[in-house]
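The values are calculated or read from the model by the stated rules, or taken from the named source; none is laboratory data. If you're wondering where the values come from, they're calculated on a predicted model, not measured in any experiment. Every residue, glycine among them, receives a Cβ derived from its backbone with ideal geometry; neighbour counts consider all protein chains shown.
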Amino acid sequence: LAISPFIASLPKVELHIHIEGTLQPALRWKLAQRNNIPLRFKSQEYHTYEELLDSYNVTYNHRPELGGRKDVPTFLEAYFAGCEVLLTEDDFYDLAMDYLARCREMNVRYVEPFFDIQAHTRRGVPAEHVLNGYLRAQRDGASRYGVRSNWIFCFLRDEPVEDGEAAYQTALPWAKSGHGLFHAVGLASNAYERPPILFKKAFERAQADGLHITTHCDFGQKDTHEHIRQAIFDVQIERIDHGLDVLDRDELIAGLVDRNVGLTLCPHAYHRRTATEVLFPKLRELLDKGVKFCINSDDPVYMHDVWIDGNMEKAYHYGGLTKQEMVQLARNAVDMCWADEAVKKDIY
Ligand code: ADE
Ligand code: ZN
């Protein structure tokens, strides 16, 4: 689907993107050489650039009876395998600057990228390399490209809560009250049997530190309605990342509307495994029911290279939304973002 001039020129705000999900194969290849690291997934090594490109054809699961393949990584496995080339402060800086340069090209004016510090510290990478690399990119991205960013620390929800809390304590000097890198915390990685309530204390601590809170409630996952219910009513989250399953339950919709909680949706991520005629009418339904949402990209490099502009084009084209409605969605992102009011005014 080609990006129309209307979508290309629309001023954009991106609120759901994992920075590690923007690591493009060319930079990954370069960093592997620079750091002398083999490119691989489990026992499979990628010896040529073509083999590396092939590895982005991921599977949804490893169970042949569900159509999966055992020899191919799942999406999350591919994502964490990609992370392995990131070691030094410069690596994290280069990753983030690549992304912020691309934002400028897409007329993305402000972003709130997620980062998974535990994906790196658990490999033995010092936390300062990650945090200082992103911090330097936050500053240079704003001055060089005019793209401002406030970052979101993600707990890996499938790791022990205590590990996440320890990582958070290490990162705290880089939070809003310190160096100013991140203004919020969220939950990422595999949600299977890892409901938001497990992190309630961690969220409360972050709020006490002056940070905003959000959580992933992945579309179609096991226990998705219960996860959304906990997020809205028990943890009292400020935004939900995905959360499209709210449409099945009136009480969840009412909870979102009453509390002005918005959804950061990523249409292409769902379109990978949902029929067009099932998925896109849901956007219209959300608009009709007064649920606030915005359009984002999630992990563009591991999702067929579809970025925020491609996601917006899909909503526009398949969702049958008007130009006015697309502008409203772009404005919703400004409304939902956690920039200072002065910055918000400057974005639009
Ligand atoms: N971490 C990175 N990308 C993710 C996604 N799409 N869902 C859950 N966790 C993630
Ligand atoms: Zn996500």
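Here are the numbers for this structure:
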| quantity | calculated |
| --- | --- |
| Verdict on GLY82 being within 30 Å of ALA315 (Cβ to Cβ) and in contact with a His (Cβ under 6 Å, 6 or more places away or on another chain) | no |
| Within the stretch 118-138, considering residues that are assigned to a helix (DSSP H, G or I) and among the charged types (D, E, K, R), the one nearest to PRO173 (Cα to Cα) | GLU128 |
| Residue within the stretch 173-188 that is away from ligand 1 (no atom under 14 Å from the Cβ), over 18 Å from CYS217 (Cβ atoms), in contact with a strand residue (DSSP E or B) (Cβ under 7 Å, 6 or more places away or on another chain) and assigned to a helix (DSSP H, G or I) present | yes |
| From the options ARG139, ARG104, ARG144, residue that is touching a helix residue (DSSP H, G or I) at 6+ places or on another chain (Cβ under 6 Å), among the charged types (D, E, K, R), surrounded by fewer than 22 Cβ atoms within 10 Å (Cβ to Cβ) and closer than 30 Å to LYS345 by Cβ | ARG104 |
| All helices (runs of 4 or more DSSP H) inside the stretch 1-117 with 1 or more residues being charged (D, E, K, R) | 25-35, 49-54, 75-83, 89-105 |
| Filter result (over 19 Å from ASP299 (Cβ atoms) and in contact with a strand residue (DSSP E or B) (Cβ under 6 Å, 6 or more places away or on another chain)) within the stretch 1-52 | PRO11, PRO38 |
| Residue in the stretch 78-87 that is buried (at least 24 other Cβ atoms within 10 Å of the Cβ) and touching a residue at least 24 places away in the same chain (Cβ under 8 Å) present | yes |
| Long-range neighbours under 7 Å by Cβ, at least six apart or interchain, first residue under 12 Å from GLU14 (Cα atoms) within the stretch 139-158, second outside any strand (DSSP E or B) and basic (Lys, Arg) | VAL147/ARG104 |
| Every residue from the stretch 239-257 that is outside any strand (DSSP E or B) and out of contact with any helix residue (DSSP H, G or I) (no Cβ under 9 Å at 6 or more places or on another chain) | ASP250, ALA254, VAL257 |
| Residue count for the stretch 54-67, restricted to those that are more than 20 Å from HIS268 (Cα to Cα) and surrounded by 13 or more Cβ atoms within 10 Å (Cβ to Cβ) | 1 |
| Some residue of the stretch 269-281 being within 16 Å of ligand 2 (Cβ to nearest atom), farther than 27 Å from VAL58 by Cα and surrounded by 23 or more Cβ atoms within 10 Å (Cβ to Cβ) | no |
| Qualifying residues in the stretch 6-27 (those that are crowded, with 24+ Cβ neighbours inside 10 Å and more than 12 Å from ligand 2 (Cβ to nearest atom)) - the one farthest from GLY310 (Cα to Cα) | LEU23 |
| Residues satisfying the stated conditions in the stretch 240-272, i.e. among the acidic types (Asp, Glu) and in contact with a strand residue (DSSP E or B) (Cβ under 6 Å, 6 or more places away or on another chain) | ASP241 |
| Filtered residue count, the stretch 68-77, keeping only those that are away from ligand 1 (no atom under 16 Å from the Cβ) and surrounded by 11 or more Cβ atoms within 10 Å (Cβ to Cβ) | 3 |
| One residue from ASP158, ASP241 being closer than 20 Å to LEU265 by Cβ and either at pLDDT below 95 or within 16 Å of ligand 2 (Cβ to nearest atom) (or both) | ASP241 |
